[in-house]
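The values are calculated or read from the model by the stated rules, or taken from the named source; none is laboratory data. Quick caveat: nothing in here was measured; it's all calculated off a predicted structure. Ideal geometry is used to build each Cβ from the backbone, glycine not excepted, and the neighbour counts take in all protein chains shown.
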Amino acid sequence: MQVVILGSGSPLPDPQRAGPSTLVRTAVGDFLFDCGRGVLMRAAAVGSGAAAIRALFLTHLHSDHITDLNDIYTMRWTMSFQPNPLPVYGPAGTAPLLRATEAMLEPDIGYRLAHHGDLKWRPSAEVTEVESGVIFNEGTVRITAAPTNHAPVHPTVGYRINDGEHSVVIAGDTVPCAGLDELCEKADVLIHTVVRRDLIEEFGLPRLTDVLDYHSSVPDAAQTAARNGVGTLILTHLVPAPAPGTEQDWLNQATNHFRGQVVLAFDLLTLDVIH
Ligand SMILES: [Zn+2]
Ligand SMILES: [Zn+2]
């Protein structure tokens, strides 16, 4: 199993970092987790794409995690040469989101159906709204969901992907919570969105300070990893984006609490999952 951080950024546009999105490559195909700004540009860099992914999973419906859903929906449709519904898993609200996305694209769907002679079907999705438990089971791959805590954003879910004996957890945006602990138990890799509490407090801008109460800080994420015997912690969705030369400060805030390997994500960071 392999993990590729497609986008390591946050809601704030950044020339170096696409929006939140992670590709998990398994024996039964590529699974995409969240679809922030620029996701398909980054997927193209590793030979994946909307038509090829086995399924899309959403951790929650915050705009930065779903910005490019419409791009995936359209490209899946136009780059497939037979009907290829997009399997989408996400919290309650995902089904209306897909309907609204399709409604937004209605003029374009009409143009393309009228123009392309061999495109005789509409785009479509197969949506499964999830809460907890095993939600996907095929071949060697089993995917489990559990509720996380990103209040007042609700509901939100995290995911654990097991491929044979290897495991990866996608925390999404959350403060430490029981659901995430359950997913993380002895996982090989935990991919956790984080914010820097010290830097954000220093800015003192209320719009930014607000993000502290529903995200994990770097020490929070490290403590979750340590408490649950995780092997490798990948810090992503970095707020604020690390200034060049400050990377070690981010790592130190984690290694003060966690003895495993800590990696600060950048776009297209690729990690083979091994014990
Ligand atoms: Zn969020
Ligand atoms: Zn976010």
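Brief remarks follow.
- Positions within region 102-149 being among the acidic types (Asp, Glu), within 18 Å of Pro83 (Cβ to Cβ) and part of a strand (DSSP E or B), in sequence order: Glu126
- Those residues of region 187-235 which are within 16 Å of ligand 2 (Cβ to nearest atom) and aromatic (Phe, Trp, Tyr), in sequence order: Tyr214
- Within region 62-82, considering residues that are within 16 Å of ligand 2 (Cβ to nearest atom) and either in a helix (DSSP H, G or I) or in contact with a helix residue (DSSP H, G or I) (Cβ under 6 Å, 6 or more places away or on another chain) (or both), the one farthest from Leu6 (Cα to Cα): Ser63
- Screening Gly117 on (1) at pLDDT below 95; (2) in contact with a Cys (Cβ under 6 Å, 6 or more places away or on another chain) shows it passes everything except condition (2).
- Scan of region 158-173 for residues that are within 16 Å of ligand 2 (Cβ to nearest atom), in a strand (DSSP E or B) and in contact with a helix residue (DSSP H, G or I) (Cβ under 8 Å, 6 or more places away or on another chain), ordered by number: Gly158, Tyr159, Ala171, Gly172
- Leu6 fulfils the conditions (1) in contact (Cβ under 8 Å) with a residue 40 or more places away in the chain; (2) surrounded by 17 or more Cβ atoms within 10 Å (Cβ to Cβ); (3) within 14 Å of ligand 2 (Cβ to nearest atom); (4) of a type in the set (A, V, I, L, M, F, W, C) except for a single criterion, (3).
- Summed over region 242-275, the residues that are over 17 Å from Val230 (Cα atoms) and assigned to a strand (DSSP E or B) give a count of 2.
- The set of residues in region 174-200 that are surrounded by fewer than 21 Cβ atoms within 10 Å (Cβ to Cβ) and in a helix (DSSP H, G or I) comprises Ala178, Gly179, Asp181, Glu182, Arg197, Asp198, Leu199, Ile200.
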